[in-house]
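Data block below; observations after.
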Amino acid sequence: MKIYEKISLIFLLALLINMTGCTGTHSFGMAARAGDTIAIMPGRHPDISRTDISLYIQDSEGTGITIPANDPSIRAYFHAVIDPLSKVIIGYETNQDIDGGEIASGTLIQGATIYDKEWMQDTLIFDLPTSLSVGMAVVQVNIYNAETSSWETIGSPMINILPGTGEQNAFLNTQIGALTEAQIRTMERANHSTISFTGSTIPHAIEINMTHTADVDNGGVGRAYVVNPRGDIKNINWSDDGTNLKVILIPTHDKPLSDMQDFKFYVAGEVTGLTLVDAQGFDANGNSVAITASITP
């Protein structure tokens, strides 16, 4: 697991974005009854999942309640990604202010993500305990760090607990009724491997070849699916024959990518045993450029 990024990207008003330089201090919204379902945005941590999360809630009376990992009251944990047609992305990428502030906002986001252009915001949905006292409560969000075998706090938002009896949100759909827990969690990230690159010179294009154990069409499990986190800045062309996966990456126009991180992509689809065969970079004239590829499960 990578070092956790402590800087939060806070979405306001139906995920319209406003950047901040610290972890979230409020829930979404800022008040609820004990027992209600709420959402909080505890930062940007693309490498963790719902099963890595526990909560500690201290109410206005000083009473602490621990919600352990895998507790059913932790309903879902997914990532809200900024619309690629949003003003902040278009303005930042074209270096122009559309309504004013897009360049500055994009620069803040880039700094917060350590120059990773996969801009996202964690969204944690959970049910508040029914025993919370009325008044301000602190929700401490913790994640398990496998590298240190310890729990780390990633955010401590506050919420005003209102009088009255809360209600668990059933996420009703007018056509199919209440969603099941499995349906609620379909927005969570699927199992995947992250493919990233390093090198002293940024290439114009990259070709990478990988193998994996046989897929479901060849007597094994899964079916390869390649995911490009930013299709507006690079194209991905890929093919898979059931065990061999080839991926070619090139910019969407003649301007080189600004950082090696921009070549990052994912392989999902429940395939197993993904292994690097070779990777090669090329400049705009087709000359070889030395790079190193890595696969992180």
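The values are calculated or read from the model by the stated rules, or taken from the named source; none is laboratory data. Bear in mind that the values here come from a model prediction, so they are computed numbers and not experimental data. Positions of Cβ are generated from backbone atoms using ideal geometry, with glycine treated the same way; all protein chains shown enter the neighbour counts. Ligands, DNA and RNA are excluded from the accessible area calculation, which covers all protein heavy atoms including side chains. Shrake-Rupley method; radii C 1.70, N 1.55, O 1.52, S 1.80 Å.
Of the heavy-atom accessible surface of the range 32-92 (probe 1.4 angstrom), what whole percent is carbon and sulfur? Display every interim value, and only then the final one.
Working: 1200 of 2300 Å².
C and S atoms contribute 52 percent here.
For the chain, what does the accessible surface come to per residue with a 1.4 Å probe? Please give it in Å². Can you show the working numbers first?
On the way: 14880 Å² over 297 residues.
Heavy-atom accessible area per residue stands at 50 Å².
Counting only helical runs of four or more DSSP H residues, what would the 222 nm mean residue ellipticity of the chain come to if each run contributes -39,500 (n - 2.57) and the total is spread over all its residues?
Numbers: 3 runs with 23 residues, N = 297.
Result for the chain: -2000 deg cm²/dmol, rounded to the nearest 500.
What would the Debye equation give as log₁₀ I(q)/I(0) for the range 139-289 at q = 0.16 Å⁻¹, counting only Cα atoms as equal point scatterers?
With no solvent term, the Cα-only Debye profile gives -1.02.
Inverting the mean 1/r over all pairs of different Cα atoms, compute the Kirkwood radius of the chain and quote it in Å. Walk me through the numbers before you get to the answer.
Numbers: mean 1/r = 0.0470 Å⁻¹.
Averaging 1/r across every pair of different Cα atoms and inverting gives 21.3 Å.
Please figure out what share of the DSSP beta bridges in the chain is antiparallel and state it in percent, rounded to the nearest 5. Each step should come with its number before you reach the end.
Values: 71 of 75 bridges.
Close to 95 percent.
Any idea what the dipole of the chain comes to, in debye rounded to 20, about its Cα centre with Lys/Arg Cβ at +1 and Asp/Glu Cβ at -1? Kindly include the intermediate steps, with their values, before the conclusion.
Working: 16 positive and 33 negative charges, 32 e Å.
In total the dipole reaches around 160 debye.
Does the range 180-225 classify as rounded, prolate or oblate by the C-alpha gyration tensor (a ≥ b ≥ c root eigenvalues; a/c under 1.5 gives rounded; else a/b over b/c gives prolate, otherwise oblate)? Spell out each step's value before the answer.
Working: a/c = 4.07, a/b = 1.53, b/c = 2.66.
Judged from the Cα gyration tensor, the range 180-225 comes out oblate (a/c at least 1.5, b/c at or above a/b).
Among T243, I295, P229, which residue has its Cα furthest toward the positive end of the charge dipole of the range 225-297, with +1 on Lys/Arg Cβ and -1 on Asp/Glu Cβ?
Final value for the positive-end residue is P229.
Show me 74-80, 268-274 ranked by packing, highest mean number of other Cβ atoms within 10 Å first.
74-80, 268-274
How far, in degrees from 0 to 90, does helix 102-112 lean away from the longest principal axis of the Cα atoms of the chain, to the nearest 10?
With both axes taken from Cα atoms, the answer is about 90 degrees.
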